[in-house]
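Okay, so here's the structure we're looking at.
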Amino acid sequence: MIQKLWSGIKEALGIYILPTLSADELQRLFTTKYRCFRELLTANNNALEAMSELETALRDGRTFSMTFIRSKSTVVTVNIFKMIQNLRKMGDGRYLNLEKSFSRIQEQIDAVIDKEIIPVEGDWFIPITRVNRSMVEQTGEKMANLGEAGSLSGINIPPGFAVTASASRLFYLENNMYPAINRIFQQTDAHDIEDMLRRSEEVQQLIINSPLPAELERQLCYQFDQLLEMTDHDVKVAARSSALGEDLGRASFAGLYHTELFVDRDHLIQAYKTVLASKYSTRAMTYRLAKGYRHEDIIMCVGCLAMIEATVSGICYSRSIGGRIGTLDVFFSAGSAKGIVDGTKKTNHYTVERMAPHRIVDKALDADDAGAPLSDQQAVELAQISMKLERHFGSPQDIEWSIDPTGTIYVLQSRPISVHLLAAGAEEGVIFEDDRLLLHGGVTGCPGAGSGPVFIVRTNEDMVQFPKKAVLVVEHPLPEWAPLLKRAAALVAETGSEAGHLATISREFGLPSLLSLDQATHKLVNGETITVDAANRAVYRGRIEELLEQQGKRPNPMDGSPVQQTLTEVLKLITPLNLTDPASPYFRAALCETMHDLTRFCHEKSVIEMFDFGKRYHFAQGAAKRLVDNMPLEWWVINLSDGFAPEFDPVNKFINVTEVVSTPMIAIWQGMHAYPWEGPPSVSMRGMGAIFLQSTMNPGLDPAVASNMNQKNYFLVSRNYCNLSVRLGYHYAMIEAFISSLRTERYVTFRFKGGAADESRRVGRIELLAEILARFDFRVELTGDALNARVEKRKQSFLFGRLKVLGYLIIHTRQIDMVMADPQQCQRYRQKFIQEIEEMLSNDK
């Protein structure tokens, strides 16, 4: 009983009695711990690489999915778990709190990634007259907006009903479709259009061929019969998509889901399932991916609205997307608006003042349409409706409408326009009227300039072959081409207008688009490099650099999206580094708050385990040796396997660098001694005050803990491997390198964080380091005052040179963060470092 109690106390206090081992047993134990150390370092590299990929995806605005977040987060957690297991083996079972901290953080990450939207249950059908914005989770954005618009005085909407999210969920569940759909898409490459087309067709056919539950089918037909009685004639309906998340200001989904027109009772069930299936069309799925929506969060609702016998239809933008300030746009043509939004019909355009009495300031009429079907009075009424909807919804609106033979205006849709996409009508720039000008004219769908080879798309087969950064040239700007917009350099179409669906999406992506450019598919040649100046409606032969230089950065389509928000939340639990000072009482396993904290703790403790092995077990071969050097810093070396010369006596407590045969360490050492350190920079009183303030604010620099500027710095070496951990005052650095005879195994990594100055000065030093490392071929990642750099799979001589660069920098960048607020000092150090490094490398040639 007493022995069991004593064992528990020893474990709680971290007291371990080491066994007495023979020399052979000690050698085997040291070899085992070294193997664990190498496995820990490999896992550390894998975890940090995955962290970097997650950060890069968020920072660079690239397209990523929940699958990407899940897979990279799994790489992080699996490798950190390996680090913990290896550290515990190295520590003879200690570090129990690491697993508790790991489990706690992993549970928090899982809760963010696997967060589910709790569905709102309710009726399967709701009359459009009862629908409003409060029902958006049941009816989708489009029907919720339309029902709300219909409640306003003076605004007419077609009679009809919404088929809700509850109905579509019932359909999927009754046919057990969710597992089948997920299984299909788990095998899909989201960046392979051919694969997406094939998988999309497979899923859509699965949905269309599945039967509606009998009661749902009966009630759907009953709703149609009720509508027939209400309208008192042989009604046909438009089955319109109204997905959750559709028609938002940041994501319009314009034209990407299906609308079935002129649906009678006999075809109602098929039309309903066809609209549901369009959630999985290739164009909708690629758009969701680009805009950062999780497909499992998108529920398709359907609006069944009585068809309007339209004499004229069109689109209103309550704030002009291309005209002058203070105006709105009215686009229209005879009949329905379908040809306007899919870009196949020629369009008339009125520009109308937003303020009453809504004077028409410009008319652009189709030359083939002699009698404009829209009267001035009707244009004014449309302006009044547009402004009423804008005031009610609180933002500029994109409104679809139709006018019946009695002159009644019906609103068919009202959705917000992203304000940052609106243009104030830029002044016309210079047209280069020389032999470079190929085409001039058309209308601007989205301003800007783009250049690349021409690629004419007419079929799905052409879509599959479309190369990245090509100019997309089409006859009609159909929504079917939407999957190519994220890959294209610009868009050119022979037909269409600013009101078309593809034009809307091009503005969301910031893609220069030029529409209604006659004969474009005939006059532009596949493969020929052109420059599209959409703002000035011109197409040029070759690359026109002066136009491309004016092109601003495209907006990130994923900004503010659910998937981006998920990654942001996940990264809060993965990448911040809170454990910075190993000497601090806060440097404890139980206080790890992120996965990065765990990697830092494991790495630091693993080095200490190797460093202390010889002393703990009285094993001379594994003991750290003090490096003899005149530099005023302590350097210690641990021989992991074959890093010391054979003639070196392991009993010695000191070692000369000439007795080290680790080629990576020698290269680092040469860089450290290539030029003498000139000492710390002179610091102004203001800079010194910032240092003192930083010391008091940083919990890792606790005044109760002794801070020794000459702390131990240690090399862990073998013949082809070196791991250097450097602690120089308030910052730390780590160099790791493996340079073997096999090129694919070779790598050099460098990590640097911290400093004594305030954050702006620390970041200044990091940015200077990043600039220099990038100049000398390192791949660099920055996060605050932390830097990660890597170069790999290069010639041995090249990598030895880069290790010399790192050796030089860890010595010569000491304490320069204190003067990084002085531009002249920054420039002096930049020039000095580059000049000396280039001289050092040139001496090796």
Restricting to lysines and to Cα separations under 27 Å from Lys236, and discarding same-chain partners fewer than 8 apart, the set is Lys142, Lys273, Lys279, Lys338, Lys345, Lys346
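Which percent of the accessible heavy-atom area of the range 424-543 goes to carbon and sulfur, probe 1.4 angstrom? Kindly include the intermediate steps, with their values, before the conclusion.
Working: 2210 of 4600 Å².
Roughly 48 percent, rounded to a whole number.
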Taking protein heavy atoms only, a 1.4 Å probe, and rounding to whole percent, the accessible area of the range 125-306 owed to carbon and sulfur comes out at 49
From highest to lowest solvent-accessible area (probe 1.4 Å; ligands, DNA and RNA excluded), Met83, Met285 read Met285, Met83
Computed over the range 125-306, protein heavy atoms only, probe 1.4 angstrom, the accessible area per residue in square angstrom equals 38
Probe 1.4 Å, all chains present, heavy atoms only: Tyr178 accessible area in Å², nearest 10, is 70
Once amide hydrogens are built 1.01 Å from N within the peptide plane, the residues lying 5 or more places from Leu412 or on another chain with amide H under 5 Å from its amide H are Glu400, Trp401, Ser402
Mean accessible area per residue over the range 424-543 (1.4 angstrom probe, all protein chains present, square angstrom) is 38
Amide H contacts under 5 Å for Gly343, restricted to residues at least 5 apart in sequence or on another chain and with H modeled in the peptide plane, are His501
Share of accessible surface on carbon and sulfur in the range 765-828, whole %, 1.4 Å probe and ligands ignored, is 46
Note to self: with every protein chain in place and a 1.4 Å probe, the range 312-422 gives an accessible area per residue in Å² of 40
Restricting to lysines and to Cα separations under 18 Å from Lys72, and discarding same-chain partners fewer than 8 apart, the set is Lys82, Lys115, Lys572
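Can you tell me which of 743-749, 529-535, 352-358 comes out highest on packing, and rank the rest after it, using the mean Cβ neighbours within 10 Å?
Ranked from most to least packed, the peptides come out as 529-535, 743-749, 352-358.
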Under 5 Å from the placed amide H of Glu634, counting only residues 5+ away or on other chains, we find Asn713
So for R0 = 51 Å, FRET eff. of Asn460-Ser153 from the Cβ-Cβ r, to 0.05, ends up at 0.60
Excluding residues fewer than 8 positions from Lys793 in its own chain, the lysines with Cα under 22 Å of it are Lys804, Lys845
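The values are calculated or read from the model by the stated rules, or taken from the named source; none is laboratory data. Nothing here was measured: the structure is a model prediction, and the numbers come from that model. Methodologically, a virtual Cβ is constructed for each residue, glycine included, from the backbone with ideal geometry; neighbour enumeration extends over all protein chains shown. Remember, those area values only see protein heavy atoms, side chains included, never the ligands or the DNA or RNA. Shrake-Rupley method; radii C 1.70, N 1.55, O 1.52, S 1.80 Å.
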